[in-house]
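The values are calculated or read from the model by the stated rules, or taken from the named source; none is laboratory data. The structure displayed is predicted, hence computed values, not measured ones. Here the Cβ is made from the backbone with ideal geometry for all residues, glycine too, and neighbour counts use every protein chain on show.
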Amino acid sequence: MTEKEVLIKIEKVNKSYPLAGTKKLDVLKNIDLEIFGEEICAITGKSGAGKSTLLHILGTLDNPDSGRVLFEGMNIFDKKEKELALFRSQKIGFIFQFHHLLPEFTALENVLIASMISGREDSGKALEILSEVGLRDRADHKPSELSGGEAQRVAIARALINSPRLILADEPTGNLDTENADSIMRLIFELRNKFRQTFVIVTHNEDFARKCDRIIKMTDGKISES
Ligand SMILES: Nc1ncnc2c1ncn2[C@@H]1O[C@H](COP(=O)(O)OP(=O)(O)O)[C@@H](O)[C@H]1O
Ligand SMILES: [Mg+2]
């Protein structure tokens, strides 16, 4: 890694969910955090600690109640919804625990759809990225014709197609056996070294977390270690 550039700065972010009556559940409590360009960060912590909520806010899929999130120095929640959707499709890629591929489309089409949304459909590039994740020869397979590990690789290709600066992953190996989990882990490191993306990965996989550049531990809505 070269000079550390701050890609994302989170300042005093709070988030709570309303409960029955007048009560509320405080899920993120005054979070301050910096994510640097090209780093692979693991977010760990018990179930319910607020990891997914933080990831959703980083990905602009959810709003904080207060505080700011600066991406490349810009306050992303200042943007209007349309602008925000474009920003999200160009700058951020998402990988979830379950691949969420569209069942009626092939691997190639699933990757292409993501590029259509950002207005840059490019089947040559989609094939290239499928090659990168080791699945050039599975391009015409539908999700039901792929193994779990392969489907997750297609989901990674889909996340990469628009060359986003940031990839957010929520338990990307949570649904895989050890061998497939290890290979997804290796792939993520290879991709970072090649394409210089920044990854923030929520994981329960301790082996994976230890290999990351940094572990951010969340406890009860706060960052307890970084
Ligand atoms: N939409 C919601 N409404 C109410 N409570 C929620 C909602 N989403 C999450 N929660 C609660 O917020 C807490 C944190 O959730 P989450 O961020 O998903 O935790 P983690 O990913 O660390 O397991 C949990 O107790 C969860 O039940
Ligand atoms: Mg979660």
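Descriptive notes on the structure:
- Selection status of LEU70, at pLDDT 95 or above, more than 13 Å from ligand 1 (Cβ to nearest atom) and not hydroxyl-bearing (Ser, Thr, Tyr): yes
- Residues in region 33-53 that are aliphatic (A, V, I, L, M) and within 16 Å of ligand 2 (Cβ to nearest atom): ALA42, ILE43, ALA49.
- Hits in region 127-148 (condition: assigned to a helix (DSSP H, G or I) and buried (at least 19 other Cβ atoms within 10 Å of the Cβ)): ILE129, LEU130, ARG138, PRO143
- Only one of PHE87, PHE105, PHE77 that is assigned to a loop (DSSP other than H, G, I, E, B), in contact with a Lys or Arg (Cβ under 9 Å, 6 or more places away or on another chain) and away from ligand 2 (no atom under 16 Å from the Cβ): PHE105
- In this structure, GLY124 does not qualify as part of a loop (DSSP other than H, G, I, E, B), modelled with pLDDT under 95 and either within 15 Å of ligand 1 (Cβ to nearest atom) or not acidic (Asp, Glu) (or both).
- Out of THR178, THR173, THR198, one residue alone is polar (S, T, N, Q) and within 16 Å of ligand 2 (Cβ to nearest atom). It is THR173.
- Just so you know, in region 6-31 the residues that are within 13 Å of ligand 1 (Cβ to nearest atom), surrounded by fewer than 16 Cβ atoms within 10 Å (Cβ to Cβ) and of a type in the set (A, V, I, L, M, F, W, C) include one that is modelled with the lowest pLDDT, and it is ALA20.
- Once region 54-69 is narrowed to residues that are more than 12 Å from the chain's Cα centre (by Cα) and of a type in the set (S, T, N, Q), the residue that is nearest to ligand 2 (Cβ to nearest atom) is ASN63.
The rows are residues; the columns are (1) within 12 Å of ligand 1 (Cβ to nearest atom); (2) within 27 Å of PHE189 (Cβ to Cβ); (3) over 17 Å from the mean Cα position of the chain (by Cα).
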{"site": "LYS4", "(1), (2), (3)": "no, yes, yes"}
{"site": "LEU33", "(1), (2), (3)": "no, yes, no"}
{"site": "PHE36", "(1), (2), (3)": "no, yes, no"}
{"site": "LYS79", "(1), (2), (3)": "no, no, yes"}
{"site": "ALA85", "(1), (2), (3)": "no, no, no"}
{"site": "ILE113", "(1), (2), (3)": "no, yes, yes"}
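- Residues of region 167-184 satisfying the condition of being in a loop (DSSP other than H, G, I, E, B) and either under 23 Å from ILE57 (Cα atoms) or polar (S, T, N, Q) (or both): GLU171, PRO172, THR173, GLY174, ASN175
- Restricting attention to region 32-46, the residues that are over 23 Å from GLU206 (Cα atoms) and touching a helix residue (DSSP H, G or I) at 6+ places or on another chain (Cβ under 8 Å) total 0.
- Conditions (1) modelled with pLDDT under 95; (2) buried (at least 21 other Cβ atoms within 10 Å of the Cβ); (3) among the hydroxyl-bearing types (Ser, Thr, Tyr): number failed by THR203: (1)
- One residue stands out among those in region 111-121 that are touching a helix residue (DSSP H, G or I) at 6+ places or on another chain (Cβ under 6 Å) and part of a helix (DSSP H, G or I): the one that is nearest to ALA157 (Cα to Cα), which is VAL111.
- If you go through region 52-66 and pick out every residue that is closer than 15 Å to LYS91 by Cα and either within 12 Å of ligand 1 (Cβ to nearest atom) or aliphatic (A, V, I, L, M) (or both), you end up with 5.
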